[in-house]
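Right, one structure below, let's go through it.
The values are calculated or read from the model by the stated rules, or taken from the named source; none is laboratory data. These numbers come from a predicted model, not from an experiment. With ideal geometry, Cβ positions are generated from the backbone for all residues, glycine too; neighbour counts draw on all protein chains shown. These accessible areas exclude ligands, DNA and RNA; they are computed on the full protein's heavy atoms, side chains included. Shrake-Rupley method; radii C 1.70, N 1.55, O 1.52, S 1.80 Å.
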Amino acid sequence: MKSKIDENMPTEIAELLQNAGHDSVTVPAQNLVGASDATLAVICRKENRILVTLGTDFADIRTYPPDKFPGIMVMRLNRQDRGHVLEVFSHVISLLRKEPTDGRLWIVEEDKVRIRS
């Protein structure tokens, strides 16, 4: 899986994915900090990367229809501190081996993951 980690996420998420054998880059590493959501969406499609973000705007399927993207993963968490985000995401990595991301919206919460195609 290829992913782009949004600027609102801990950069360690990219490291977790890379350690699991995935191709992962961060928005800051690509000098895209401050880019609009629309710009990030276009770039993710062009690069065929799933976007991993805390930005709930990406959960709007009217604006970002899942079938038009390589995948979108929105972390919808009660707490967004670095440690908590990393802890929750560490549980998601095992699902990436079992569930496809292409054309799907993943909504990740503390106690569940909802996948919509």
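A search for C-beta distances below 9 Å between a residue of the range 55-67 that is at negative phi and any residue that is open to solvent by 40 Å² or more (accessible area, probe 1.4 Å) and in a helix (DSSP H, G or I), counting only pairs 6+ apart in sequence or on different chains, returns Gly55/Asp37; Asp57/Asp37; Phe58/Asp37; Thr63/Asp37; Thr63/Ala38; Thr63/Asp57; Tyr64/Asp37; Tyr64/Asp57. So Val92 passes all but one of these: (1) at pLDDT 95 or above; (2) within 17 Å of Leu17 (Cβ to Cβ); (3) of a type in the set (Val, Ile, Thr). Which condition number does it fail? In the conditions (1) at pLDDT 95 or above; (2) within 17 Å of Leu17 (Cβ to Cβ); (3) of a type in the set (Val, Ile, Thr), Val92 misses (1) alone.
Of the numbered criteria (1) more than 19 Å from His84 (Cβ to Cβ); (2) touching a strand residue (DSSP E or B) at 6+ places or on another chain (Cβ under 7 Å), the one Pro28 fails is (2).
Test Ser24 against the criterion of being at pLDDT below 95 and of a type outside the set (A, V, I, L, M, F, W, C), and give yes or no. No; evaluated as a whole, the condition is false for this residue. Within the range 24-70, which residues are under 18 Å from Ile13 (Cα atoms) and touching a Gly at 6+ places or on another chain (Cβ under 7 Å)? Ile50 - this is the single residue of the range 24-70 that is under 18 Å from Ile13 (Cα atoms) and touching a Gly at 6+ places or on another chain (Cβ under 7 Å). Could you tell me whether Asp60 is charged (D, E, K, R) and under 11 Å from the mean Cα position of the chain (by Cα)? No.
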